[in-house]
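Enquirer: Quick one: the structure is below, questions incoming.
The values are calculated or read from the model by the stated rules, or taken from the named source; none is laboratory data. Values in this document were obtained by computation on a predicted structure and should not be read as measured data. Quick reminder, even Gly has a Cβ in these numbers, built from the backbone with ideal geometry, and neighbours come from all protein chains shown. Heavy atoms of the whole protein, side chains included, go into the accessibility calculation; ligands, DNA and RNA do not. Shrake-Rupley method; radii C 1.70, N 1.55, O 1.52, S 1.80 Å.
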Amino acid sequence: MADFTLSVEQKNLRELAHDFAEKEIRPVAWELDKEGTWPQAIIDKAHEVGLMNTHVPEEYGGPGLSYLDGCLIEEELSWGCSGIQTSLGANGLAAAPVHIGASHEVKREYFDELIGSPVLASFCLTEPDAGSDVSGMRTRARRQGDTYVLNGSKCFITNGGHASWFTVYAKTDPDAGHRGISAFLVRKDDTVVVDKKEDKMGQRASNTATITFNDTEVHARYLLGEENKGFKLAMMTLDRTRPGVAAMATGIARAALEFAIDYSKQRVQFGVPIAMHQAVQFMIADMATKVHLSRLATWNSAVLLDQGRRNTVESSHAKRFAADTAMEVTTDAVQVYGGYGFIKDYPVEKLMRDAKIMQLYEGTSQIQRLVIARETLLPRRVEQPAAATA
Ligand SMILES: Cc1cc2nc3c(=O)[nH]c(=O)nc-3n(C[C@H](O)[C@H](O)[C@H](O)COP(=O)(O)OP(=O)(O)OC[C@H]3O[C@@H](n4cnc5c(N)ncnc54)[C@H](O)[C@@H]3O)c2cc1C
């Protein structure tokens, strides 16, 4: 657990992702950000070289990479552009509940699709009146014979406008709060309407949409896990995906740190490069420490998963710390650039806008603190393997 030495394969994987970020993502990222242009060509290429769907197990034709491997890729691609990585990585979020809760046949059907071509999937939990508190969701799933019929709207859905299928959370027992939620795998058809594409502050190349289900029929074999156990499935999913968000936040912060280092060596004020002023040096030192600790917390939360151990508090530590770090470090990078940092011709203002979402999606920084407070004040006595808590 204490040894974070990467294997040769992991170093190669990280290099592959870094090269991809440097050659395919960075050259276009700031341009795509301007108009919020969808990065289809990059998605096609990332799929081709194997940088998507990394957690699909080998038995379903995927690479079956570890969570730590996934984090290495996510940090590098987010160093390129976290908006584009959000588009590339959302399949992992949508596929996690399928991996945990679907039958072998359903996994085969849907994972084959992900591996075969660059199709996209979305994770549909949030609703207009149910964000942090998902128990307030209104989407309903009514059982009718062998099928469930879904009605309701989900908002802020990543890749929603481009997804071929969705993992959707809906109330099967509306009076039971979070104990009345079930999860379903829903294929896009005429009853599924994409209502709105959001115009966002940051991560503008990613797609964020509202999805409405109008009498959408889903066969009972596409119920994920057990009926009314969807909340637990969602929480288990987030335990698995928050290390990836933390890795993304680390990638953004690292990019900002690198830009700030380069700029501070070039920009001359009072006759010396500003890097010679101790106030700037100390800002850079603090930025470097925070990036380093973000990565350590991220890797720690991923390795626990790879060992089959519960990582709830560690993934919240990592996500909260790395997200707040991304915001702080990108803000400091703008400070190092001075007035130029505020101008769109320079790279760091985009990073500061992109960083903000890290504190919001997959549980806000406040919600991570709630998890950490609960786990710290009322620690669980017996550590269960993660898979045994389903
Ligand atoms: C770009 C983008 C992409 C997204 N992608 C997806 C996706 O793919 N799938 C999906 O399902 N959702 C997605 N989301 C939704 C995201 O997860 C939610 O926005 C987030 O969970 C917060 O919910 P909310 O926006 O309703 O804020 P609210 O829950 O209304 O929170 C508002 C504020 O109150 C605070 N707050 C709320 N409750 C508490 C509390 N108990 N204690 C302390 N503070 C509290 C919050 O931290 C926040 O600061 C996305 C959102 C965005 C913006």
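Enquirer: Has the stretch 260-278 got any residue that is over 23 Å from Thr86 (Cβ atoms) and of a type in the set (Lys, Arg)?
Expert: yes
Enquirer: Tally up the residues in the stretch 323-367 that are open to solvent by less than 50 Å² (accessible area, probe 1.4 Å), in a helix (DSSP H, G or I) and more than 9 Å from the ligand (Cβ to nearest atom), please.
Expert: Here the count works out to 22.
Enquirer: Taking the condition of being under 18 Å from Ser82 (Cα atoms) and not aliphatic (A, V, I, L, M), how many residues in the stretch 163-203 meet it? Reasoning before the result, please.
Expert: We begin by selecting, within the stretch 163-203, every residue under 18 Å from Ser82 (Cα atoms); these are 198-203.
Checking the rest, the ones that are also not aliphatic (A, V, I, L, M) come to 198-200, 202-203.
Number of matching residues: 5.
Enquirer: Restricting to the stretch 49-65, count the residues that are among the acidic types (Asp, Glu) and touching a Phe, Trp or Tyr at 6+ places or on another chain (Cβ under 8 Å). Show your work before the answer.
Expert: Initial filter on the stretch 49-65 (among the acidic types (Asp, Glu)): 58-59.
Imposing the further condition that a residue be touching a Phe, Trp or Tyr at 6+ places or on another chain (Cβ under 8 Å) reduces the set to none.
Here the count works out to 0.
Enquirer: Here's something else I'd like to know. Residues that are more than 30 Å from Leu351 (Cβ to Cβ) and either near the ligand (Cβ under 10 Å from one of its atoms) or modelled with pLDDT of 95 or more (or both): does the stretch 194-206 have at least one?
Expert: The answer is no, given that none of the residues of the stretch 194-206 is more than 30 Å from Leu351 (Cβ to Cβ) and either near the ligand (Cβ under 10 Å from one of its atoms) or modelled with pLDDT of 95 or more (or both).
Enquirer: Sort out which residues of the stretch 78-114 are among the hydrophobic types (A, V, I, L, M, F, W, C) and either surrounded by fewer than 18 Cβ atoms within 10 Å (Cβ to Cβ) or within 11 Å of the ligand (Cβ to nearest atom) (or both), and write them in order of number. Step through it out loud before you land on a result.
Expert: Narrowing the stretch 78-114 to residues among the hydrophobic types (A, V, I, L, M, F, W, C): 79, 81, 84, 88, 90, 93-96, 98, 100, 102, 106, 111, 114.
Once the filter is applied, which keeps residues that are among the hydrophobic types (A, V, I, L, M, F, W, C) and either surrounded by fewer than 18 Cβ atoms within 10 Å (Cβ to Cβ) or within 11 Å of the ligand (Cβ to nearest atom) (or both), the stretch 78-114 yields Ala90, Leu93, Ala94, Val106.
Enquirer: Since Lys171 meets every condition but one in (1) within 20 Å of Leu238 (Cβ to Cβ); (2) away from the ligand (no atom under 16 Å from the Cβ); (3) of a type in the set (Lys, Arg), which condition does it not meet?
Expert: (2)
Enquirer: I'd like to verify a number: residues in the stretch 368-381 that are open to solvent by 90 Å² or more (accessible area, probe 1.4 Å) and within 12 Å of the ligand (Cβ to nearest atom), how many?
Expert: Here the count works out to 3.
Enquirer: Criterion first (surrounded by fewer than 19 Cβ atoms within 10 Å (Cβ to Cβ), small (Gly, Ala, Ser), in contact with a Leu (Cβ under 9 Å, 6 or more places away or on another chain) and touching a residue at least 12 places away in the same chain (Cβ under 8 Å)) does Gly36 satisfy it? Explain how you work it out, then say what you get.
Expert: Working: surrounded by fewer than 19 Cβ atoms within 10 Å (Cβ to Cβ): yes; small (Gly, Ala, Ser): yes; in contact with a Leu (Cβ under 9 Å, 6 or more places away or on another chain): no; touching a residue at least 12 places away in the same chain (Cβ under 8 Å): yes.
Spelling it out, it is not the case that Gly36 is surrounded by fewer than 19 Cβ atoms within 10 Å (Cβ to Cβ), small (Gly, Ala, Ser), in contact with a Leu (Cβ under 9 Å, 6 or more places away or on another chain) and touching a residue at least 12 places away in the same chain (Cβ under 8 Å).
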